[in-house]
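The values are calculated or read from the model by the stated rules, or taken from the named source; none is laboratory data. Note that this is a predicted model, so its numbers are computed, not measured. With ideal geometry, Cβ positions are generated from the backbone for all residues, glycine too; neighbour counts draw on all protein chains shown. These accessible areas exclude ligands, DNA and RNA; they are computed on the full protein's heavy atoms, side chains included. Shrake-Rupley method; radii C 1.70, N 1.55, O 1.52, S 1.80 Å.
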Amino acid sequence: MEKMKIVFKENWFIILILFFALIKQIMVSCIPIFGITNGVHDDLMMVNMGYSLLHGDWLGTYSQYTLVKGMFFPFFLAVSNFVGISYINSANLFYTFSCIFFIYSIKPFWNEKKDKKVLFLIYLVLLFNPVSYAQWTLQRLYRNGMTLSQVLIIFGVYFNAYLRIKENKIGIINLILGGIILASFVNTREDAIWLYPFVLIITIVLIIKRIKIKKLSLSAFSYVIPILILILTNIGISLINYNYYGIFTTNELNAKPFKSIMQSIYKIDDENITDKVAAPRSKINRLYEMSPTINSIKDELEISLDKWSKMDMNPNDNEVENGWFFWSLRDAVSMAGYYQNATMAADFYTKASSEIEEYIKNNNVETIAVMPSSLMAPYQSSYFSQIINAILKISKYLVTFQEVETISSASVDDEKIGIEQFEALANTIAYDSKVNAYINGYIYSKNEDKLKLELYDTNDNFIHGIDLKNEAGQVIDDTNKSLDKYFINEKFEINTSSLYIKIINLTTNKEYIVNFSDPNSGNLDNNIVYNFNEKFANSKYDDIYLLTKRYERRLNLIGKIYKLINPIVFLISVLLYIFMTIKIIINRKNYQLLQIWLINLSIILSLFVLILGVSYNEVSSCFSIRYMYLSGAYPLLLMFEFLTIGYIIKVKLLGRKKKYEK
């Protein structure tokens, strides 16, 4: 026992790190996935690409969906399935590794024994971040859950390099890891551009500092390794896409053909442009005149626009909002037969864009400035105040962890094999919204009338007919007459538990209703006798929900603590950062304080760029203030809070202050 105490005392930090990692793993391992099986443009796309990768067919058959979203998340799903680990477990292991790696990266600030308590606190706060096990970032089979882990590792890699820059070893393995995760991040979401400023600036700073320390040593240029790996990875993915589909790109939305057509359409000024509609029907009608190529798919485009106009925030205005316009265009081009291969689709977009640009030039069409991304609608002056309001709204949303919950809800069913397909790929249970119904008993007619039974829901929708089996025998009535008795033994799976049985007398054309809540036996018109020994309809979801309800409650209890405490922690961290800023202005030679201040500044700037991008999308495109879109912001927020508070605790409460040499 004494030896165990000594071992724990010497290794308590590592033991507790692993212990709480195991606790977290156990807590999340039993929660179900949330399958949106009809999400053709989102979850189902990820699952289909995952299956294709598993079968060695890269991203599957080429279509308007194939190269729209990054391939890393489907790759992660496929690898998890191949290894035999459930998606829930593999995603959480990835996140746990990112937390441990980040703690290791910032260790130079807390390199004394007593400092480890602060470091351990930061680890716990990051590890149990509620977003890491919430419905839309872990339970969904969708890409946003990867962002938390990727952000922690990428920032950890560069902080690690920055804080250990004076060491002789450059940390090649650290930089290679950074390159791999950076490449995975860029190929997870097509809007990864928000991280580029941080990566480029910190790389330049590292090179300059290393040159000053090592006097023009070539080792300084090792800090470009992550960027080189990113470039080489993108080239590799582009080559594979070229081999399979005939187009050299990682993502068609950022490739020149599609980007050019979107910008050509968006740049045309039109009096009917609104905040969220940059391509109104009036502009589309002008496009038919400007471009014979666009005019050639007029019928398909009108059908597609009609469909997508019903799916946005104003389904009655007959307009397609910016968040859905690019999908409506791609669907129309596909309906017209141009997605047989990537070359044909690219040629279509290139030709259409050239025609529009030529028409604009020759006819002095009024234009407006467009954004660099094909997914971003042109900026309008009315956006400014709305963006400011959105930034404030997002800030409150982030700090209070609004909507972040683990929910054991029934998956969205496509009424095919979608849920089973999701479960098989994820190696994890998904709750089914379907209902198990069962009817057992018998029925007969004293007048020997011909009977028919049908099943309906309470909205009078026909479900299906019920077989009557007469091989079961006969019954003797009160006049000693032998009558055929029909047995019923039906099991079926449906989408509602609100049911009734319609008994149809085909001889007399009379109909009778027996609700599932009615008594099991009865005599109708002293003629039709029935006895349903069993009739019930139980939701599969209701039956098994209690199995994981307790896990959900435990996790959400932790989430409630974050929601309650974090606003106070955030306020304290902001005040302390202002205090640190004043201290630096007064004493610029406090290099340890300056380094933690600069690290937090890089976090703040990255957080601001991300929030600004989401705000712009909220104002110009579609509902975007959702924690799934902001998932990368939460680790940044927690980093800022606890690096700031942790440093002050170290300096003020622990009473030590170690100065770093410049």
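Summary table
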{"read-out": "Hey, residue 428 in contact with a strand residue (DSSP E or B) (Cβ under 8 Å, 6 or more places away or on another chain), crowded, with 17+ Cβ neighbours inside 10 Å and not in a helix (DSSP H, G or I) or not", "value": "yes"}
{"read-out": "Sole residue being more than 32 Å from the chain's Cα centre (by Cα), open to solvent by less than 50 Å² (accessible area, probe 1.4 Å) and over 29 Å from residue 386 (Cβ atoms), chosen from 291, 296, 282, 334", "value": "291"}
{"read-out": "Any pair with Cβ under 7 angstrom, 6 or more apart, that starts in segment 384-403 at a residue that is on the phi > 0 side of the Ramachandran plot and ends at one that is not hydrophobic (A, V, I, L, M, F, W, C)", "value": "401/130; 401/559; 401/562; 401/563; 401/566; 403/627"}
{"read-out": "Some residue of segment 375-393 being more than 30 Å from residue 270 (Cα to Cα) and surrounded by fewer than 20 Cβ atoms within 10 Å (Cβ to Cβ)", "value": "yes"}
{"read-out": "Count of residues meeting criterion [surrounded by fewer than 21 Cβ atoms within 10 Å (Cβ to Cβ) and in contact with a strand residue (DSSP E or B) (Cβ under 7 Å, 6 or more places away or on another chain)] in segment 235-279", "value": "2"}
{"read-out": "When residues of segment 582-613 are limited to those that are β-branched (Val, Ile, Thr) and out of contact with any Leu (no Cβ under 9 Å at 6 or more places or on another chain), the one most open to solvent (accessible area, probe 1.4 Å)", "value": "586"}
{"read-out": "Within segment 453-490, tally of residues that are modelled with pLDDT of 80 or more and either open to solvent by 90 Å² or more (accessible area, probe 1.4 Å) or part of a strand (DSSP E or B) (or both)", "value": "6"}
{"read-out": "Segment 73-119 - residue that is charged (D, E, K, R) and open to solvent by 10 Å² or more (accessible area, probe 1.4 Å) and, of those, nearest to the chain's Cα centre (by Cα)", "value": "107"}
{"read-out": "Residue within segment 402-419 that is closer than 30 Å to residue 265 by Cα, surrounded by fewer than 21 Cβ atoms within 10 Å (Cβ to Cβ) and of a type in the set (Asp, Glu) present", "value": "no"}
{"read-out": "Residue in segment 131-150 that is open to solvent by 10 Å² or more (accessible area, probe 1.4 Å), over 30 Å from residue 163 (Cβ atoms) and touching a Gly at 6+ places or on another chain (Cβ under 6 Å) present", "value": "no"}
{"read-out": "Residues (closer than 20 Å to residue 645 by Cβ and among the small types (Gly, Ala, Ser)) located in segment 91-133", "value": "105"}
{"read-out": "Selected residue (only one of 410, 332, 377 is assigned to a helix (DSSP H, G or I) and touching a residue at least 24 places away in the same chain (Cβ under 8 Å))", "value": "332"}
{"read-out": "Hits in segment 41-77 - residues which are in a helix (DSSP H, G or I) and aliphatic (A, V, I, L, M)", "value": "44, 45, 46, 47, 49, 53, 54, 77"}
{"read-out": "Matching helices (runs of 4 or more DSSP H) fully within segment 191-282 where at least 2 residues are touching a Gly at 6+ places or on another chain (Cβ under 6 Å) and at pLDDT 90 or above", "value": "225-245"}
{"read-out": "Hits in segment 78-92 - residues which are of a type in the set (S, T, N, Q) and part of a helix (DSSP H, G or I)", "value": "80, 81, 89, 90, 92"}
{"read-out": "Some residue of segment 614-625 being open to solvent by 20 Å² or more (accessible area, probe 1.4 Å) and among the acidic types (Asp, Glu)", "value": "yes"}
{"read-out": "Any hit, segment 202-212, residues being buried (at least 19 other Cβ atoms within 10 Å of the Cβ), among the charged types (D, E, K, R) and under 16 Å from residue 375 (Cα atoms)", "value": "no"}
{"read-out": "Pick from segment 5-58, criterion free of Cβ contacts under 8 Å to residues at least 60 places away in the same chain and among the small types (Gly, Ala, Ser), ranking: surrounded by the fewest Cβ atoms within 10 Å (Cβ to Cβ)", "value": "56"}
